[in-house]
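Quick notes on the structure that follows.
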Protein chains: 2
Amino acid sequence: MWKNNRLTEILHIEVPIIQAPMAGGATTPDLVAAVSNAGGLGCLGAGYMKPDDIQSAISHIRARTHRPFAVNLFIPGHVKQDAQSVAAMMDFLQVKSPAKDAVAEKPDNLVNTIDWLQDFEAQLAVVLAEKVPVFSFTFGCPSEEVLLRLHENGTIVMGTATTVEEAVFLERRGVDAVVAQGSEAGGHRGAFLVTEASHDDAHAALNQHPPFVGLMALLEQIAQAVQIPMVASGGIMNGRGIVASLALGASGVQLGTAFLTTDESGAHPKYKETLLNSTPNTTVVTRAFSGKWARGIRNDFIDLVDGYDGVIPDYPIQNTLTRTIRNWAAKTGRPEYMSLWSGEGGHLCRSMPASQLVAVLVEETEAALRTLG
Amino acid sequence: MWKNNRLTEILHIEVPIIQAPMAGGATTPDLVAAVSNAGGLGCLGAGYMKPDDIQSAISHIRARTHRPFAVNLFIPGHVKQDAQSVAAMMDFLQVKSPAKDAVAEKPDNLVNTIDWLQDFEAQLAVVLAEKVPVFSFTFGCPSEEVLLRLHENGTIVMGTATTVEEAVFLERRGVDAVVAQGSEAGGHRGAFLVTEASHDDAHAALNQHPPFVGLMALLEQIAQAVQIPMVASGGIMNGRGIVASLALGASGVQLGTAFLTTDESGAHPKYKETLLNSTPNTTVVTRAFSGKWARGIRNDFIDLVDGYDGVIPDYPIQNTLTRTIRNWAAKTGRPEYMSLWSGEGGHLCRSMPASQLVAVLVEETEAALRTLG
């Protein structure tokens, strides 16, 4: 019964299990297709991808599955550019980075960063031209005009909300389903209706980061405020988490961390290994890697930047500044300098093919429902 | 079926719904007795009470119910005493407080604060002498010897854990049930296995406060690590939250905020009114009122102390320093200077007799189970 609801109906999927769109290489076409072939919804995390690469990945996905899949993009937001803070952060990284040869990119590359933001239109053009079955997005909401064009293509649109206000905003704008991202979630916060407070007001730091509402509380809030189907995300790793989400009014779930350690995931082998060996309470929220708040396993790089006295530049500037170090960490296999995004359930990761994980999740959900009933 | 489990069995209660022990006057003997008479477990939040007052309250509870009830105490912890920080905070409060006549208590009163800590032995003596049916505690764990004496009295002992490590610690020490406190919870964090980092290291502030693990993730973690019954707490306001907790392995639930607005609650009328009129996302975590991290509705006093440049003294010193202001706020009916503790579900508060709330929660739980099954 839990499989037949408004979400599976609009998405044309068999089980309401969505593989989260994780940008950065984890969501290979193989992973996306495997999840969709297993009856769930695979998602390409295309936020960092160039338009041509998105097009190529979509072709690869379509070659592997005839089922619906999703493509996810980042909605560009306002970027505060403060040349002095950027220069200071570059100096800091160049001096403190263990990768002495892997210094942050040069000042003129920052121009590219800003240019890159404007690539959203080109990324979106691919999504529109390819008439993808499902389009999901993070960090904002496309205009009504864009939503209309997507809908004219028959594309189902899903947005990410970290608060009830954001969920209401998305519904009013015309989105078809909302992904509720609880505080437990790994990776970047999808928050977008937040007044950006100055990051250097240290005493207000705790109240300054975007709202981190626990998933149970968030699902309650959103379920009562919107009519569109709600997808639960954040720390869900198995059938018990799925049943809890259903009890709180979700029509489906979106799991990211759980899919990082599947065979088809493109996550770095050391990243997979770190997750599989992790214990509870090893994650923190940080702006160290990208300038946006995100949850990941605490490591040397986070500690390094948390000890920085200055202002961390906004996303995507900080993301660009740390890219060379992250690439160096990947190349040399040093997880202590990788962005090890993980939700609060990372220690429950399992190593298996993605199709098997979907099947196990379905079995566990049905077992948990029987136990309750 | 959900009513008959190891928790209801050891507590000798009908429904696994526990009214949280909220110190500060909300848990009147009338409230405690009403919840117990309704088949749940009422709890006296006696952490701030003098031994004689605890004894008197227990007598009042026993005059109103023959059912089991609980008494909760705070386990004293290490207090850093820094005379300079204390003096600075007093100056700040005296200058900035809107209650010009309600200045913080005088320096020699701080001696009383430290004396007060030693009252734990006297508080505990009452609990032992009265052979209370259930003893619960927060901020630590009593010694094995104390647990033995409680058990010899036939008292069931429940401890509070904010992490899986704390839950394992409590089980090993010999506690009978563990209350898992999720990040959504209102009031003080029960955290005790935390290295106290210096509060003035502003850049590490986010990672410095005790772990705030979302309830869904926390229940998963604790369920897999301990054998004793687990009670879910944090943001639970209705039957959906109860069913979600059961799905995640909890045997019962503990609700605090939901009971604050019941008729028998001793919460200030303005506090009740604020809760009943509140909206989602109005809570923050702060050390402003007591020196310990706690979640409450953001107000002028929190903003005032969050803007303070110095070090907030440890609990219970800060708690003593702010008491006069809080008393003044209560006397003059100014919620903007009261500690308005609330979980992340505070906007779902309902005004009704406590017995009715228990009955409604049971009905809602059964309805939610039917919907799932």
> Only one of (1) within 16 Å of the chain's Cα centre (by Cα); (2) surrounded by fewer than 18 Cβ atoms within 10 Å (Cβ to Cβ); (3) of a type outside the set (D, E, K, R) fails for A:ALA294. Which number is that?
Replying inline: (2)
> Within region B:270-285, how many residues turn out to be surrounded by 22 or more Cβ atoms within 10 Å (Cβ to Cβ) and within 12 Å of chain A (Cβ to nearest Cβ)?
Replying inline: 2
> Does B:VAL35 count as more than 27 Å from B:ALA294 (Cα to Cα) and in contact with a helix residue (DSSP H, G or I) (Cβ under 7 Å, 6 or more places away or on another chain)?
Replying inline: no
>> Among (1) at pLDDT 95 or above; (2) within 21 Å of the chain's Cα centre (by Cα); (3) outside any loop (DSSP other than H, G, I, E, B), there is one condition A:LEU321 misses while meeting the rest; what is its number?
In response: (1)
>> Criterion first (free of Cβ contacts under 8 Å to residues at least 60 places away in the same chain and charged (D, E, K, R)) does A:ARG326 satisfy it?
In response: yes
>> For region A:316-327, check the following and say yes or no: at least one residue is of a type in the set (A, V, I, L, M) and farther than 23 Å from A:PRO21 by Cβ.
In response: yes
>> Considering only residues that are crowded, with 21+ Cβ neighbours inside 10 Å, more than 7 Å from every other protein chain (Cβ to nearest Cβ) and without any contact (Cβ under 8 Å) to a residue 60 or more places away in the chain, which ones fall in region A:214-225?
In response: A:LEU218, A:LEU219
> Counting just the residues of region A:357-373 that are more than 21 Å from A:ASP30 (Cα to Cα) and touching a residue at least 12 places away in the same chain (Cβ under 8 Å), which one comes out surrounded by the fewest Cβ atoms within 10 Å (Cβ to Cβ)?
Replying inline: A:GLU363
>> For region A:114-125, which positions are modelled with pLDDT of 95 or more and within 20 Å of the chain's Cα centre (by Cα)?
In response: A:GLN123, A:LEU124
> Which condition does A:THR28 not pass, out of (1) β-branched (Val, Ile, Thr); (2) out of contact with any strand residue (DSSP E or B) (no Cβ under 8 Å at 6 or more places or on another chain); (3) over 26 Å from A:GLY343 (Cβ atoms), if it passes all the others?
Replying inline: (3)
> Which one is nearest to B:THR257 (Cα to Cα), of the residues in region B:9-52 that are in contact with a Phe, Trp or Tyr (Cβ under 9 Å, 6 or more places away or on another chain) and among the β-branched types (Val, Ile, Thr)?
Replying inline: B:THR27
> Listed residues A:GLY310, A:GLY252; which is more than 12 Å from chain B (Cβ to nearest Cβ) and touching a residue at least 12 places away in the same chain (Cβ under 8 Å)?
Replying inline: A:GLY252
> Here are some conditions: (1) among the small types (Gly, Ala, Ser); (2) modelled with pLDDT of 95 or more; (3) over 15 Å from B:GLY296 (Cα atoms). B:GLY187 meets all but one. Which one does it not meet?
Replying inline: (3)
> Can you tell me how many residues in region B:166-176 are within 14 Å of chain A (Cβ to nearest Cβ) and on the phi > 0 side of the Ramachandran plot?
Replying inline: 0
> Residues in region B:7-27 that are over 14 Å from the mean Cα position of the chain (by Cα) and surrounded by fewer than 24 Cβ atoms within 10 Å (Cβ to Cβ): how many?
Replying inline: 6
> Given B:ALA258, B:ALA288, B:ALA267, B:ALA354, which one is within 14 Å of another protein chain (Cβ to nearest Cβ), touching a residue at least 40 places away in the same chain (Cβ under 8 Å) and buried (at least 19 other Cβ atoms within 10 Å of the Cβ)?
Replying inline: B:ALA258
> Hey, does region A:181-194 have a residue that's without any contact (Cβ under 8 Å) to a residue 24 or more places away in the chain and part of a loop (DSSP other than H, G, I, E, B)?
Replying inline: yes
> Which ones in region B:227-249 are more than 8 Å from every other protein chain (Cβ to nearest Cβ), surrounded by fewer than 24 Cβ atoms within 10 Å (Cβ to Cβ) and under 22 Å from the mean Cα position of the chain (by Cα)?
Replying inline: B:ILE228, B:PRO229, B:GLY239
> Just wondering, is there one or more residues in region A:82-89 that are of a type outside the set (Lys, Arg) and in a loop (DSSP other than H, G, I, E, B)?
Replying inline: yes
> Under the condition of being away from chain B (no Cβ under 14 Å) and not β-branched (Val, Ile, Thr), which residue from region A:149-165 is nearest to A:SER251 (Cα to Cα)?
Replying inline: A:MET158
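The values are calculated or read from the model by the stated rules, or taken from the named source; none is laboratory data. Just so it is clear, the model here is predicted, and its values are computed rather than measured. Cβ coordinates were reconstructed from backbone atoms using ideal geometry, including for glycine residues, and neighbour counts include every protein chain displayed.
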